[in-house]
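For reference, the structure is listed below as structure tokens.
The values are calculated or read from the model by the stated rules, or taken from the named source; none is laboratory data. Keep in mind it's a predicted model, so treat the numbers as computed, not measured. Ideal geometry is used to build each Cβ from the backbone, glycine not excepted, and the neighbour counts take in all protein chains shown. In case anyone asks, the SASA skips ligands and DNA or RNA and just uses the protein heavy atoms, side chains included. Shrake-Rupley method; radii C 1.70, N 1.55, O 1.52, S 1.80 Å.
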Amino acid sequence: MATLKTYHPDYELFKDLQIICRDLYAGEAHVKSKGEIYLPCTSGMRIDGMGAGETGYLDYKAYVQRAVLPGDFEDAVNTRMGLLHQKPAVINLPASLEYLREDADGKGMPLEALLTLINLAQLMIGRIGLAVDATADRKLKLVVYDASSIMNWDNRDSGLQLV
């Protein structure tokens with residue numbers, strides 16, 4: 001049974017992979033900052049001591065400094081973004097929604113920038129949430145939700161119950 005803290009089962013399956021994809025896209029310095037998550041120390045380093053100033057710790061720091069992360073993932077995402085946006089998007093809006101072109105989120109984000117954000121999330125992790133809401137002056141706005149913040153899924157046998 002779904003609760004207010006229930007993630008969609010498909011998200012649970014890919015959550016760790018999405019974290020890895022975000023980290024890879026963020027680049028080498030970010031990956032290195034995660035320490036032993038991606039660059040575990042050897043048993044020899046542990047034996048030599050991992051306290052500040054100990055041989056194992058110094059060896060580990062040198063190991064991390066020498067580590068190289070090819071930017072293949074970031075390059076692949078950016079290349080595909082370039083292909084997607086090599087021509088301007090054609091967005092047809094009725095006159096009553098034309099204001100969305102300059103302010104799609106109620107905070108001044110142009111619709112083209114929102115499209116770029118959506119495409120980046122699609123290519124990087126394969127998931128993004130969008131909802132339609134209203135501003136105080138009753139204009140529509142599009143609200144973006146990071147994949148990790150999308151909870152409250154319930155899809156029983158009768159179909160999707162809530163998102």
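Pairing each residue of the stretch 121-138 that is over 16 Å from Asp10 (Cα atoms) with any residue that is of a type in the set (Lys, Arg), provided the two are 6+ apart or on different chains, yields C-beta distances under 8 Å for Ala121/Arg127; Leu123/Arg80; Met124/Arg22; Val132/Lys141; Asp133/Lys141; Ala134/Lys141; Thr135/Lys141. Are any residues in the stretch 73-89 touching a helix residue (DSSP H, G or I) at 6+ places or on another chain (Cβ under 8 Å) and open to solvent by 80 Å² or more (accessible area, probe 1.4 Å), and if so, which ones? Scanning the stretch 73-89 gives Arg80, Leu84, Pro88. Of the residues making up the stretch 70-88, those that are at pLDDT 95 or above, of a type outside the set (S, T, N, Q) and either within 30 Å of Thr135 (Cα to Cα) or assigned to a helix (DSSP H, G or I) (or both) are Asp72, Phe73, Glu74, Asp75, Ala76, Val77, Arg80, Met81, Gly82, Leu83, Leu84, His85. Selection of first residues in the stretch 41-54 that are at positive phi and without any contact (Cβ under 8 Å) to a residue 12 or more places away in the chain and of second residues that are open to solvent by 30 Å² or more (accessible area, probe 1.4 Å) and not in a loop (DSSP other than H, G, I, E, B), restricted to Cβ pairs under 9 Å at least 6 apart or on distinct chains, gives the following pairs, ordered by first then second residue: Gly49/Thr55; Gly49/Tyr57. Considering Tyr60, Tyr38, Tyr25, the condition of being modelled with pLDDT of 95 or more, farther than 28 Å from Met124 by Cβ, in contact with a Leu (Cβ under 9 Å, 6 or more places away or on another chain) and not β-branched (Val, Ile, Thr) is satisfied by Tyr60 alone.
Within the stretch 59-69, is there a residue that is of a type outside the set (Phe, Trp, Tyr), part of a helix (DSSP H, G or I), open to solvent by 60 Å² or more (accessible area, probe 1.4 Å) and touching a Ser or Thr at 6+ places or on another chain (Cβ under 9 Å)? Yes, some residue in the stretch 59-69 is of a type outside the set (Phe, Trp, Tyr), part of a helix (DSSP H, G or I), open to solvent by 60 Å² or more (accessible area, probe 1.4 Å) and touching a Ser or Thr at 6+ places or on another chain (Cβ under 9 Å). The condition of being out of contact with any Ser or Thr (no Cβ under 6 Å at 6 or more places or on another chain), modelled with pLDDT under 95 and open to solvent by 50 Å² or more (accessible area, probe 1.4 Å) holds for only one of Ala136, Ala95, Ala131, that being Ala136.
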